[in-house]
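The values are calculated or read from the model by the stated rules, or taken from the named source; none is laboratory data. It should be emphasised that the depicted structure is a prediction, and the values quoted were computed from it without experimental measurement. Cβ sites come from the backbone with ideal geometry, for glycine too, and all protein chains shown count toward neighbours.
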């Protein structure tokens, strides 16, 4: 059940990761995020694959060890069975010997009992026959010795037979004890063999499941790697399209810049003097390098300064739209007018601004009054011309 569940999950992941990915110039970041995600998935899958293979190696080593243990226990079981069979054969032989010895003892006892019955039946007659039939004292003594010898012989035989029977019985008991011990050992070995077989079967099932997981992880890894390659190709295509788009935009921007430059060139000499009531002789600082009168440091002056009394009207150098009207750091009260084609003019240090942001102004229209706000040493107008936000020497535009 566990193996089927894992296989189902992996097949579902394979299906999800195989969904086509569109390549457009606008989704490079999205594709890169997908690439990072699939790379993370690949790392997870690869770790799972490595872990599965490590488990497989461990289980295969366990199977190898169990096989060796089964070989050893099987050999021991065969040896134990052989020992039991040999002991059983020995017991059978000893039992036969015991039966024979018991029969010999019975026969000897029967003979002995027969002579005892004869002596009992004849009583003293047998003894008197021995005495009176003797031919002399020597013969008599000899006969008595013979009778004693026969009785002693019978007793020795009976004693020997009883000793033999006792020895055989003792040996038989020893063998039966050994058989019992071996049978107990055999039962333990059979139980151990059964346990090893069960463990081996379980390890085989585990190995089968791990092999199935390995195949699934391998298939998933190959699919993810294919997705990664497909995403990389999509990224490269999107980047190529984006580069082409940016190149086209750059070319368009260059063309537009050339047109703007032509339009800007047409403005040169066309701007009005921003303070009609004062002349060129009132320029106190021109465009370029100078010593800042406040900081006393060498720096670039990005416009021209025109001296005038506070409250003198300032006019728009050309028609345009007000894009700034208010305080602007060291410039103080400032107005900036955008004239189109990237061209704007700046009027700073004003005592008062007369226009608002977004207002359209005409050429020569009043927009502010001269002042000394911000970083200023006295009443004057700081005037700049900016092309695409960069200060430019205003002289050509003023025709001076």
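Being free of Cβ contacts under 8 Å to residues at least 60 places away in the same chain and surrounded by 12 or more Cβ atoms within 10 Å (Cβ to Cβ) narrows it down to one residue among 214, 202, 237; which is it? Of 214, 202, 237, the one residue that is free of Cβ contacts under 8 Å to residues at least 60 places away in the same chain and surrounded by 12 or more Cβ atoms within 10 Å (Cβ to Cβ) is 202. In this entry, residue 231 passes the filter for residues that are within 25 Å of residue 27 (Cα to Cα), in a helix (DSSP H, G or I) and in the same structural domain as residue 74 (by TED's automatic domain parsing).
Residue-by-condition table, conditions (1) in a helix (DSSP H, G or I); (2) touching a helix residue (DSSP H, G or I) at 6+ places or on another chain (Cβ under 7 Å); (3) modelled with pLDDT of 90 or more:
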site	(1), (2), (3)
13	yes, yes, no
54	yes, no, yes
60	yes, yes, yes
113	yes, no, no
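May I ask you to say which residue of 386, 363, 296 is in a strand (DSSP E or B) and surrounded by fewer than 20 Cβ atoms within 10 Å (Cβ to Cβ)? After ruling out the rest, the residue left standing is 386.
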